[in-house]
Amino acid sequence: MAPGRAPRRPGGLASQGLGSEPGYHTTGTRPARGRPGERGYVGILDQLEQGLERVVGGAFARTFRSGLQPVEITAALRRELDTNAAVVARDRILVPNRFLVQLAPGDYTKITGMGEALTDELGRQVHRHAVAQRYSFPGPLAIRFERDASLAEGVLRITPEIVKGEVRWTPVLEIAGVRHPMTTSRTVIGRGHEADVVIDDSGASRAHVEILWDGSKAQITDLGSTNGTRLDGERLTTALLAPDSVIEIGRTRIVFRVLPEAGGA
């Protein structure tokens, strides 16, 4: 095996060096949905759609009836990891962690119209692939979209880059698309003005639940609320809170997220 070249994996691509210099581009057209021979394509589709529909519901299906599909961006990003993987040590394969995704105007409008929920889900799929392949990121993973009028609909261009930096994990509560960062170790959610995160829901108690964060994991506790609390559909008293869990208080759905951010220099 040539130095600096990642090993070939079953069902994957042989890596072709780092390719992280600014201006490195790959342009691809959309593969057919579920095309025979595209191993893993349907699995990626299921994971991505389930993740998005969990957060945004029917908006996913209404937005992407035609044109470039999010799953095609996921597949292209995964290919970028595989083709730009570089062996830097016996047990370390380095891959790009910043991606500029350029899209045709129509595709850009639809993709960016989904907001941060789509970007987050794409990031989760890329991270899941990196873990499965034992790749290492040099810093926080970031995906950015850009409009490019020179591209035809269904065509995308991806520019990968390696950016070093430490990762700091920040917990947030997402309610109706609005993110509420958890800035202290204890966060109370409820209807009362004394709560840290106030929700306008008659089914919520004044101090409904508390979430404790120790810097790496979270715990949620119902504070004796009148109508109770559900976590991923199950009633709870106290439970560990995993990233991307859905908390239901009355009619309010809250998604708990843990997001990577660049640490200080």
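Evaluated against (1) at pLDDT 95 or above; (2) in contact with a Gly (Cβ under 7 Å, 6 or more places away or on another chain); (3) open to solvent by 30 Å² or more (accessible area, probe 1.4 Å), residue 208 falls short on exactly one condition, (3). Here region 213-258 is the region considered, the condition is being among the hydrophobic types (A, V, I, L, M, F, W, C) and not in a strand (DSSP E or B), and the residue that is farthest from residue 190 (Cα to Cα) is 242.
Do you know which of the residues in region 170-196 that are assigned to a strand (DSSP E or B) and aliphatic (A, V, I, L, M) is farthest from residue 224 (Cα to Cα)? In this case the residue turns out to be 178. Being within 25 Å of the chain's Cα centre (by Cα) and either free of Cβ contacts under 8 Å to residues at least 40 places away in the same chain or within 30 Å of residue 102 (Cα to Cα) (or both) is a description that applies to residue 230.
Out of 121, 116, one residue alone is farther than 14 Å from residue 74 by Cα and touching a residue at least 60 places away in the same chain (Cβ under 8 Å). It is 116.
The values are calculated or read from the model by the stated rules, or taken from the named source; none is laboratory data. Please read these numbers as outputs of a predicted model, since none were measured by experiment. FYI the Cβ positions are ideal-geometry reconstructions off the backbone, even for glycines, and counts take in every protein chain you see. Just the protein is used for accessible areas: all its heavy atoms, side chains included, with ligands, DNA and RNA removed. Shrake-Rupley method; radii C 1.70, N 1.55, O 1.52, S 1.80 Å.
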